[in-house]
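Trainee: Structure in structure tokens, see below.
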Amino acid sequence: YCSLPWSGCVSSEGLWGDVVWLYLILPSPSLPSSMHLIQVDSVQRWMEDLKLMTDCECMCILQSKPISIEKEEQNELILSSQYSTCDNLQLLLKRAWIISTELTRIAQKLEKNRWQRVHSMTVRVNCHVRSMMNEYSTFSRSSSEEMHQLEKLLVDKCSEFTAFTERCLQTEDEEILKSMKSCVNETLTTVAQYFGQLIELVLTQEAQNLLRQIELSGSLYVTESAVSSLFSLAQEGAHLCRIIAKEGGVVALFKICRQDCFRCLYPQTLRTLASICCVEEGMHQLEKVDGILCLADILTDTSHSEATHAEAAAVIAQITSPHLTFTQHLSSFLENMEEIVTALVKLCQEASSGEVFLLASAALANITFFDTMACEILLQLNAVKILLAACSDKHIVDTPYSRDQVVTILANMSVLDQCASEIIQGNGVQLLMEMLFEKSSSGNPAEVAACERVQQKSAVTLARLSRDPEVAEAAVKLSCIPRLIKLCRSPTERNNSDSVLVACLAALRRLAVMSPDGLEDSDFQQLVKPRLVDSFLLCTNMEESFV
């Protein structure tokens with residue numbers, strides 16, 4: 001009898017039956033002795049799931065003979081315990097997700113008084129909790145006294161919870177069950193609370209360990225590994241980003257970006273920073289360490305690689321996102337804005353790929369929302385000409401996402417009177433007309449949404465620019481009016497988007513003032529003459545049912 005490398009246990013018959021089955025489904029019997037079954041996707045999935053499955057009846061007691069590791073140590077049928085920090089954390093998070101899901105389901109079954117299911121799920125949670133602790137203890141370097149106390153509290157409460165539900169299962173008196181239900185609910189809440197506190201403590205400790213490696217190690221390999229693990233953690237959501245930021249993650253990462261010996265790690269480090277700065281705590285830390293100045297220095301330093309410049313642009317795009325509500329404190333950004341905007345325009349002009357252009361143009365688009373002075377700087381830098389030229393290169397502006405960024409910049413710049421002549425000179429009206437036909441080729445929801453934004457913003461830009469007679473005349477000659485009418489009248493053309501409809505109605509009304517002869521009487525009477533809200537309701541063709 002011995003411990004298996006995964007939690008819980010399985011019978012020898014069941015496990016070896018699965019092994020035989022796995023061997024039989026492989027296409028070729030002539031496998032090398034190492035048997036690289038792990039390369040098969042379905043097998044990889046099975047092995048991952050197996051590690052997280054627990055036989056509840058067996059609890060944590062092994063009932064079968066151990067699976068011996070044969071002389072060939074590279075045999076990949078046995079899950080190795082030599083995981084990296086990143087793999088261990090992913091395993092921990094996956095286990096935590098399973099426990100969290102089970103606790104939610106227990107609450108749902110408890111609400112329906114399904115005591116049999118409540119008890120079996122409680123036993124399962126008990127197993128998962130113990131397995132999680134066992135797994136974490138195998139790769140954790142150290143555990144604090146606080147963690148040991150929380151682990152004991154959680155284990156004791158889980159055992160109490162299991163015993164409680166078992167007593168409920170043996171009771172048939174409805175009144176007694178009713179009185180016990182509130183106690184079960186209370187215990188469930190306590191288990192969830194202890195579990196949440198333990199996970200928070202574990203993740204905080206792991207973040208501290210990674211940041212300590214960055215702080216103390218001068219090794220390129222160790223630093224790269226720690227940054228990679230931090231990036232993986234940050235991808236798990238805003239809560240983990242907050243933990244990393246609170247523990248000094250932004251400070252540590254900017255420290256790397258200020259050391260020439262780590263230049264090759266700048267792209268990876270900046271990518272991690274962009275992820276962490278999606279939360280307010282990350283933004284505050286960035287401001288405290290003069291992160292904006294550091295980013296400006298990187299963007300303006302021509303000795304850095306394009307990849308480094310692109311990732312720095314990604315950080316700028318993140319911290320200036322109009323969707324964030326906590327960017328007002330970035331006072332230092334205004335001080336460095338001209339340098340940053342100049343560097344981003346140059347990056348757009350010299351971009352060697354669509355991805356680099358997308359990151360640079362996204363940063364510029366967000367900056368035009370952030371401060372109106374940016375639009376004036378862009379005009380001085382001939383940004384309109386550069387962006388319009390990039391749109392003619394299908395290798396650079398190759399997705400609706402890139403066109404969304406370009407048209408956002410044009411829409412925000414179009415409030416300036418000088419912008420109209422720049423658009424005319426760069427054949428920009430033609431581009432805006434083409435954008436009114438933007439359609440998704442894949443049907444992917446994100447891409448469809450991007451196409452809607454392109455249509456909406458191109459209509460908005462036309463509406464703003466058409467106050468200039470020269471632009472309005474060019475739009476009429478390019479048959480913009482028939483296209484706008486079709487977008488208004490045909491929901492499928494605009495993917496049933498109300499925002500596109502409103503923008504098209506506004507553009508149509510502006511062009512109708514400049515060229516009333518371009519509309520038929522029915523279009524004028526329905527789309528131009530009524531109030532905007534009446535035309536909107538007519539085009540949406542809303543059918544109400546009073547049944």
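The values are calculated or read from the model by the stated rules, or taken from the named source; none is laboratory data. Everything quoted here is computed from the prediction, not taken from an experiment. We place every Cβ from the backbone using ideal geometry, glycine too, and count neighbours over all the protein chains shown. We work out accessible area using only protein heavy atoms, side chains counted, and drop any ligands, DNA or RNA first. Shrake-Rupley method; radii C 1.70, N 1.55, O 1.52, S 1.80 Å.
Trainee: Out of the trypsin sites (Lys or Arg not before Pro) in the stretch 392-484, which ones are loop residues according to DSSP with at most 16 other C-beta atoms within 10 Å?
Mentor: Those satisfying the criteria are K394, K439, R467.
Trainee: So how much slack lies between T372 and S217, counting 0.36 nm per residue of separation and subtracting their Cα-Cα distance, in nm?
Mentor: Going from the current span to full extension adds 51.4 nm.
Trainee: Also, I was wondering about something else. Accessible area per residue of the stretch 138-187 at 1.4 Å probe, in Å²?
Mentor: The answer is 64 Å² per residue.
Trainee: What is the distance, in nm, between label points placed 7 Å from the Cα along the Cα-to-Cβ direction at E172 and at Q197?
Mentor: About 4.1 nm, to one decimal.
Trainee: Can you list the lysines whose alpha carbon is less than 20 Å from that of K178, not counting same-chain residues fewer than 8 positions off?
Mentor: K109, K112
Trainee: Give me the percent of the accessible area of the stretch 87-171 that comes from carbon and sulfur atoms, probe 1.4 Å, all protein chains in place.
Mentor: The computed percentage sits at 49.
Trainee: For K486, list the lysines whose Cα falls under 19 Å from its own Cα; do not include residues on the same chain fewer than 8 positions away.
Mentor: In chain and number order, the partners are K439, K457, K477, K529.
Trainee: Could you tell me the distance between the Cα centroids of the stretch 277-335 and the stretch 230-265, to the nearest Å?
Mentor: 13 Å
Trainee: Cβ neighbours within 10 Å, averaged per peptide: list 126-137, 499-510, 176-187, 300-311 in order, most packed at the top.
Mentor: So the peptides 126-137, 499-510, 176-187, 300-311, ranked by packing, come out 499-510, 126-137, 300-311, 176-187.
Trainee: How much length would be gained if the chain were fully extended between Q116 and S159, taking 0.36 nm per residue of separation minus their Cα-Cα distance, in nm to one decimal?
Mentor: Length difference between fully extended and current span is 13.8 nm.
Trainee: Related question: Could you do me a favour and compute the accessible area per residue for the stretch 212-339, 1.4 Å probe, result in Å²?
Mentor: That works out to 42 Å² per residue.
Trainee: Can you return the lysines within cross-link range of K246? Criterion is Cα-Cα under 25 Å, with same-chain partners fewer than 8 residues away left out.
Mentor: K94, K255, K288
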